[in-house]
Amino acid sequence: TRMNFMRPDFAARGHWNGHEWLHRTDADGFRNPPGTASDGLLLFGDSMIYGHGVEEEETVAHFLRSEHGRAAYSMARQGDTLFQEYVLARLALARLRPEQLLVFVFLNDFEDMTAYRKPEQITGAPEIEHLDYAALAARVRDPEADGLRKQYRRLRVWRLYEGLRKAPPAPTAAPDPDALHPSLVSILDDARFASVADYYRRVLGDLAARARAQGIELSVVLLDLGDEVIPKAIPAQDRLHALLAEIGRENEFRVLWTRSIYAGCPECFLPGDGHLTREGHRRLAAFVHREVPLPAAH
């Protein structure tokens, strides 16, 4: 898969852009307190949903559990796109039997997809039919299988650190204030948008069908921040929302977007970073609870 998987039962401090948090994983390698129920609502997303920059007790999954009584289990990880989220969802469908899947889409996902996947992989989507998910599940649940490589990895990281420490800083050009952010270009440029948009149609359509066959509800949320974090973001987010809404109509799943809950809320975003603060996560939890009702059986 060329995917990274987080180590289970692991804890370390995280630092980025002046913010610090405790990264602690459960027995399955996800950021949840021990014993968190995984048979209700499963959350898939990137660092925005993982809770980059805040403690676990300040994340959307925590607030869904603590303030809204929802059984919410986070499978979100930093840097993930729909590719990784689809693979994780397939693994979860086979083992966890949740009631609902909630996939969050963010503005940088299209750009990230082209970094993780080759053009032929985006076009062919081999993860739908050509991955051995039973073997992958066994491999992920046995992270010590590559234990003989630990020392090599440590040596490689140490050598990289030494090289960077001694290397002179590379000169950087001043950013063009009128240039579009790369994540916007990946959506607004028709040629770059087309192949990833088709990937979204195929993969979300397949996931919706597999979930429906097992009586599981799929919802997709566009984590739309307006232009609060990235100026000039509105046209790209509008185009992304139109795509997701079309796919949702074609495949009969719920599509939501969050622009209204973040309008005029600078306190929702970490200063100098852009990820969600405690308040940003809390608003998102309330939004999800309101817009994604419990299954009819409840």
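In the stretch 238-295, which residue that is farther than 23 Å from E58 by Cα, without any contact (Cβ under 8 Å) to a residue 40 or more places away in the chain and among the aliphatic types (A, V, I, L, M) is most open to solvent (accessible area, probe 1.4 Å)? So the residue we want is A242.
Tell me which residues, restricted to the stretch 227-237, are assigned to a loop (DSSP other than H, G, I, E, B) and open to solvent by 10 Å² or more (accessible area, probe 1.4 Å). Matches in the stretch 227-237: D227, E228, V229, I230, P231, K232.
So, L42, is that one open to solvent by less than 40 Å² (accessible area, probe 1.4 Å), in a strand (DSSP E or B) and either under 24 Å from F269 (Cβ atoms) or in contact with a strand residue (DSSP E or B) (Cβ under 9 Å, 6 or more places away or on another chain) (or both) or not? Yes; evaluated as a whole, the condition is true for this residue. Within the stretch 235-269, being aliphatic (A, V, I, L, M) and either modelled with pLDDT of 95 or more or closer than 18 Å to V103 by Cα (or both) holds for A236, L240, A242, L243, L244, A245, I247, V255, L256, I261. None of R77, R70 is closer than 16 Å to H275 by Cα, modelled with pLDDT of 95 or more and touching a helix residue (DSSP H, G or I) at 6+ places or on another chain (Cβ under 8 Å) except R77. Within the stretch 77-106, take every residue that is part of a loop (DSSP other than H, G, I, E, B) and either within 11 Å of the chain's Cα centre (by Cα) or of a type in the set (G, A, S) (or both) and give me the one that is surrounded by the most Cβ atoms within 10 Å (Cβ to Cβ). Top of the filtered list is D80. Screening the stretch 178-218 for residues that are in a helix (DSSP H, G or I) and of a type in the set (D, E) and picking the one that is least open to solvent (accessible area, probe 1.4 Å) gives D206. When you go through (1) part of a helix (DSSP H, G or I); (2) among the charged types (D, E, K, R); (3) modelled with pLDDT under 95 one by one for E111, which number turns out not to apply? Tallying (1) part of a helix (DSSP H, G or I); (2) among the charged types (D, E, K, R); (3) modelled with pLDDT under 95, E111 fails exactly one: (3).
The values are calculated or read from the model by the stated rules, or taken from the named source; none is laboratory data. What you are looking at is a predicted structure, and each value in this text was computed from that prediction instead of being measured. For neighbour counting, all protein chains shown are included, and Cβ atoms are generated from backbone atoms with ideal geometry for every residue, glycine included. Just the protein is used for accessible areas: all its heavy atoms, side chains included, with ligands, DNA and RNA removed. Shrake-Rupley method; radii C 1.70, N 1.55, O 1.52, S 1.80 Å.
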